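Novice: First, the structure itself, so that you have it in front of you.
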Amino acid sequence: MLDVTLIRHGEVEPQWKSICYGAMDVPLSPAGQVSGQTLAAAIGQQSQADFVFHSGLSRTASLANMIARHFPSARVIEDDRLRERDYGDWQGAPWDRVYHSDPENFNGLVDDPDNYRPPGGETTTEMQSRVVQWFGDLGRIDHATKVIAVSHSGPIAALAGYCHNLHASEWQPWMLKNLEAIQLLSDRSAAADAWLPPRCRRVF
């Protein structure tokens, strides 16, 4: 059994909330730090972990390290495939300015995930492909029974969309709030040395 819990990072500094920050390294707020510590302690009492992953950005690395302190034998791994979508030239700009830069096509972010690309950034499908590849690689770690990963709302929703075979326009219910999580469970096939399609659910 491969048991993977993906958690969205905590609250960022308030001044970033109306900004398209995407893959920028935006820090947690003091409240985000405190709530992360509370969640990490709860996870440490109720769960176990062989590996703790994060995206490499400080807002995920911070929580991942808080969690890992409760699992001394767990290996902490940075993997940039878990990063938020790269919005390219839009990053650092207010969302209203981003929208007005291309109002006729902006909905292509969800309506045309294969083709619509922010200038200098990545398509929705490219973002989904890298996080799905990350998940697939976990199946090659034979002894990885329990994985905790701290990521971002976009990649987590994209992975849930993959599990449920959803178009990007149907991912919204899986766009998690800060410190919410989903769990993916996958078993090896009894007939072949392969992993069965994962089952995905919200956990907190």
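Novice: Using r as the Cβ-Cβ distance of D96 and Q37, and R0 as 35 Å, what FRET efficiency do you calculate, to the nearest 0.05? Write out the running numbers ahead of the final one.
Specialist: Details: r = 34 Å, r/R0 = 0.97.
The pair D96/Q37 has a calculated efficiency of 0.55.
Novice: Moving on. Output the 0 to 90 degree angle, nearest 10, between the alpha-carbon long axis of helix 58-68 and the longest principal axis computed from the alpha carbons of the chain.
Specialist: 10 degrees
Novice: Could you pull out the GluC sites (Glu not before Pro) across the stretch 1-107 that fall in loop regions by DSSP (anything but H, G, I, E, B) with no more than 16 other Cβ atoms inside 10 Å? Before the final figure, lay out the partial values.
Specialist: Values: sites: E11, E78, E84, E104; in loops: E11, E84, E104.
Here the sparse-neighbourhood loop sites are E104.
Novice: What is the stretch 1-41 by shape, rounded, prolate or oblate, if you read a ≥ b ≥ c off the alpha carbon gyration tensor as root eigenvalues and call it rounded for a/c under 1.5, prolate for a/b larger than b/c, and oblate otherwise? Could the numbers behind the result be given before it?
Specialist: Values: a/c = 3.64, a/b = 1.49, b/c = 2.44.
It comes out oblate by the Cα gyration axes.
Novice: Determine the dipole magnitude for the chain: charges of +1 sit on the beta-carbon of Lys and Arg, -1 on that of Asp and Glu, nothing else is charged, the reference point is the Cα centre, and the result goes in debye to the nearest 20.
Specialist: On the way: 18 positive and 25 negative charges, 155 e Å.
That gives the chain a dipole magnitude of about 740 debye.
Novice: Would you kindly state how much longer the chain becomes between D80 and K17 on full extension, computed as 0.36 nm times their sequence separation minus their alpha carbon distance, in nm to one decimal? Let's see the in-between values first.
Specialist: Numbers: separation 63, 0.36 × 63 = 22.68 nm, distance 2.22 nm.
The span from D80 to K17 would gain 20.5 nm if fully extended.
Novice: Sort by residue number and name the cysteines in the chain that have no neighbouring cysteine Cβ under 4.7 Å.
Specialist: Result for the chain is C20, no neighbouring Cys Cβ within the cutoff.
Novice: Using θ = phi - 60° and the Karplus curve 6.51 cos²θ - 1.76 cosθ + 1.60, what whole-Hz ³J(HN,Hα) does each residue of the stretch 10-18 get, with Gly and Pro shown as x?
Specialist: My calculation for the stretch 10-18 gives x, 5, 8, 4, x, 5, 8, 5, 9 Hz in order.
Novice: Another question about this same structure. What value, in deg cm²/dmol to 500, does the helix sum -39500 (n - 2.57) over DSSP H runs of n ≥ 4 give at 222 nm once divided by the residues of the chain?
Specialist: Helices in the chain give a 222 nm mean residue ellipticity of -9500 deg cm²/dmol.
Novice: Could you tell me what percent of the accessible area of the chain is made up of carbon and sulfur, with a 1.4 Å probe and every protein chain present?
Specialist: On the way: 4850 of 9910 Å².
About 49 percent, which is the carbon plus sulfur part of the accessible surface.
Novice: If you don't mind, another one. Over the Cα atoms of the stretch 121-204, what Rg and Dmax result, in angstrom?
Specialist: 13.1, 42
Novice: Nearest 0.05, what FRET efficiency do D89 and Q45 give at R0 = 45 Å with Cβ-Cβ as r? Each step should come with its number before you reach the end.
Specialist: Details: r = 44 Å, r/R0 = 0.98.
With a Förster radius of 45 Å, E is 0.55.
Novice: How much length is gained on full extension from V110 to D137, taking 0.36 nm per residue of separation minus their Cα-Cα distance? Before the final figure, lay out each step's value.
Specialist: Values: separation 27, 0.36 × 27 = 9.72 nm, distance 2.61 nm.
Between V110 and D137, full extension yields an extra 7.1 nm.
Novice: Right, next: Scale the Cα Rg of the stretch 57-204 by the rule-of-thumb value 2.2 N^0.38 Å and send over the ratio, two decimals.
Specialist: Details: Rg = 16.8 Å, N = 148, 2.2 N^0.38 = 14.7 Å.
Rounded to two decimals, the normalised Rg is 1.14.
Novice: Find how many whole Å separate the alpha carbon centroid of the stretch 31-83 from the alpha carbon centroid of the stretch 111-135.
Specialist: 25 Å
Novice: Next up: What residue among N105, A194, H70 has its Cα farthest toward the positive end of the dipole of the chain, where the charges are +1 on Lys, Arg and -1 on Asp, Glu, each on the Cβ?
Specialist: It is H70.
Novice: Report the chymotrypsin sites (Phe, Trp or Tyr not before Pro) located in the stretch 81-128 that are in a DSSP loop and have at most 16 other Cβ atoms inside 10 Å of their Cβ, or state none.
Specialist: F106
Novice: Using unit Cβ charges (K, R positive; D, E negative) and no other charged atoms, how large, in debye to the nearest 20, is the dipole of the stretch 123-204 about its Cα centre? Provide the component values of the computation, followed by the final result.
Specialist: Numbers: 8 positive and 7 negative charges, 45 e Å.
Roughly 220 debye for the stretch 123-204.
Novice: Next question. Quick check for me: using +1 on Lys/Arg Cβ and -1 on Asp/Glu Cβ, what's the dipole size of the stretch 17-107 about its Cα centre, in debye to the nearest 20? Kindly include the intermediate steps, with their values, before the conclusion.
Specialist: Working: 8 positive and 11 negative charges, 89 e Å.
Roughly 420 debye for the stretch 17-107.
Novice: Still on this structure: Which Cα, out of P155, S47, A61, lies furthest along the positive dipole direction of the chain (beta carbon charges, K/R +1, D/E -1)?
Specialist: Of the candidates, S47 comes out farthest on the positive side.
Novice: Right, another one. Any idea what the relative contact order of the stretch 52-175 is, in percent, if you count C-alpha pairs under 8 Å spaced at least 6 apart? Provide the component values of the computation, followed by the final result.
Specialist: On the way: 157 pairs, mean separation 36.3, N = 124.
Rounded, it is 29 percent for the stretch 52-175.
The values are calculated or read from the model by the stated rules, or taken from the named source; none is laboratory data. Predicted model, so just to flag it, every value in this text is computed and none were measured. All Cβ positions, even for glycine, are placed from backbone atoms using ideal geometry, and neighbour counts span all protein chains on display. When the accessible area is computed, the model is the full protein with side chains, heavy atoms only, and any ligands, DNA or RNA have been set aside. Shrake-Rupley method; radii C 1.70, N 1.55, O 1.52, S 1.80 Å.
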